[in-house]
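The block underneath contains the structure these notes are about, expressed in structure tokens.
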Amino acid sequence: MPCRLYPGVFVFLILAAASPAISARSFRVAQLPNGFEMGCTSCHEGFGGGPRNAFGLDVDRTLVNGNVDWQAICDLDSDGDGYTNGQELGAGCDWTEGEPVPDGDFPSNPGESDSFPAPDLGVTIEASEESVEAGGSLSYTVAVFNLGSRDAADVRIELLLPEGMTGDIPGDECGVNPGGVSCFLIEDLQPNFGSNLFFPVEVNPNAAPGTYVVVARVSSSTEEIDDDNNTASIEVVVTASASRTAFRRGDANDDGQLGISDSLWLFGALFLGGDLPTCREAGDANNDGSLDITDGIFVLSYLFLGGQAPPAPGGGACGTDSDAEGGPGDQGCEVYTSCG
């Protein structure tokens, strides 16, 4: 008599017949370096198994007794993104199933052209001092590291300095551009490696007291995974110099403001036997290195004729002399009370 095949039995037979193929394919991820990291998406489009991508087609074409032949596909560039399958999965052609892959590797998908090995640069910055006097010096150590899976080429380290600070050139391959940026070039930075650079920095003698922000930045000619961690910043507090007296240039009579009385004070001292300013730098309104009639005229010209403003630190803000202490242009400032 005829044998009746029930629907449930039919479905069971189909699944039973298909299960060896499904089971076999699931083992192929172990036959690829970093296979468990990438999963089925290394060979298939999407997470559900889907059609084979370019790498999956190469794998299927070179199977040996149903197993992946890694040596046959590792030097291929299946997805055409410029990197071999071995570079993308982080192993050479001598890799065999069960062997480890290099620590710290971040595999990319050999079946997707927009997934490729890339560097991931990061930068940190440390200062030798948290605060420094105007005219003083400190140093910054900038460290750069590569967390990606590919060498970063032409790595540039930059120290961005605010106005009032000047960086020294720390090496033959460094320079200082007009924006006050120091830089250093590393030809190739390998994955899991880093480098650092020491930047000596001088604070200008007339730098205004306050909080200054110094920024370290790293860049590469190689496209990165991301650039979110390519900059780091640090603050430093600049205080007034303890060794030099702060003053307002042109305020010869030390009343805290620039006015006609300052010119009269200078003329009286120079021609009528009056007292010279106790802060000679304050009296040297044009900062030409001498105290004479031109300073009184300079103040009057600034006040009434739209003439040039007094040089740093200026007539409206307290600061120290921009000339080197004890140098030819330094008139000295023994006492000036209006800046506290």
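The values are calculated or read from the model by the stated rules, or taken from the named source; none is laboratory data. Here the structure is a predicted model, which is why all the values come from computation and not from measurement. Cβ placement follows ideal geometry from the backbone for every residue including glycine, while neighbour counts extend to all protein chains displayed.
If you take the residues of the range 262-287 that are over 47 Å from the mean Cα position of the chain (by Cα) and of a type in the set (A, V, I, L, M), which of them is surrounded by the most Cβ atoms within 10 Å (Cβ to Cβ)? By that ranking, first place goes to Leu266.
Of all residues in the range 31-43, none satisfies being acidic (Asp, Glu), more than 30 Å from Cys183 (Cα to Cα) and without any contact (Cβ under 8 Å) to a residue 60 or more places away in the chain. For Ala127, the criteria (1) surrounded by fewer than 20 Cβ atoms within 10 Å (Cβ to Cβ); (2) over 30 Å from Asp323 (Cβ atoms); (3) of a type in the set (A, V, I, L, M, F, W, C) hold in every case but one, which is (2). Just need a number here: residues in the range 228-244 that are crowded, with 21+ Cβ neighbours inside 10 Å and among the polar types (S, T, N, Q). Matching residues across the range 228-244 total 1. Of all residues in the range 230-248, exactly one satisfies the criterion of being over 13 Å from Ala216 (Cβ atoms), in a strand (DSSP E or B) and among the hydroxyl-bearing types (Ser, Thr, Tyr), namely Thr239. Tell me whether the range 171-181 contains one or more residues that are surrounded by 21 or more Cβ atoms within 10 Å (Cβ to Cβ) and out of contact with any helix residue (DSSP H, G or I) (no Cβ under 8 Å at 6 or more places or on another chain). No, the range 171-181 has no match at all. Scanning the range 59-80 for residues that are surrounded by 20 or more Cβ atoms within 10 Å (Cβ to Cβ) and in contact with a Ser or Thr (Cβ under 7 Å, 6 or more places away or on another chain) yields a total of 3. Just so you know, in the range 204-227 the residues that are of a type in the set (Gly, Ala, Ser) and part of a strand (DSSP E or B) include one that is surrounded by the fewest Cβ atoms within 10 Å (Cβ to Cβ), and it is Gly210. Which of the residues spanning the range 202-217 are of a type in the set (Val, Ile, Thr) and modelled with pLDDT of 90 or more? Selection gives Thr211, Val213, Val214, Val215.
On the basis of being among the acidic types (Asp, Glu), surrounded by fewer than 20 Cβ atoms within 10 Å (Cβ to Cβ) and closer than 13 Å to Glu163 by Cα, does Glu187 make the cut? No. Quick check on the range 139-155. Is at least one of its residues closer than 23 Å to Gly167 by Cα and not in a strand (DSSP E or B)? No, the range 139-155 contains no residue that is closer than 23 Å to Gly167 by Cα and not in a strand (DSSP E or B).
Within the range 122-174, the residues that satisfy the criterion of being over 17 Å from Pro200 (Cβ atoms) and either among the basic types (Lys, Arg) or modelled with pLDDT under 85 (or both) are Leu147, Gly148, Ser149, Arg150, Asp151, Arg156.
Taking the criterion of being touching a residue at least 24 places away in the same chain (Cβ under 8 Å), among the small types (Gly, Ala, Ser), touching a helix residue (DSSP H, G or I) at 6+ places or on another chain (Cβ under 8 Å) and farther than 15 Å from Cys339 by Cα, the residues of the range 284-323 that qualify are Ala285, Gly296.
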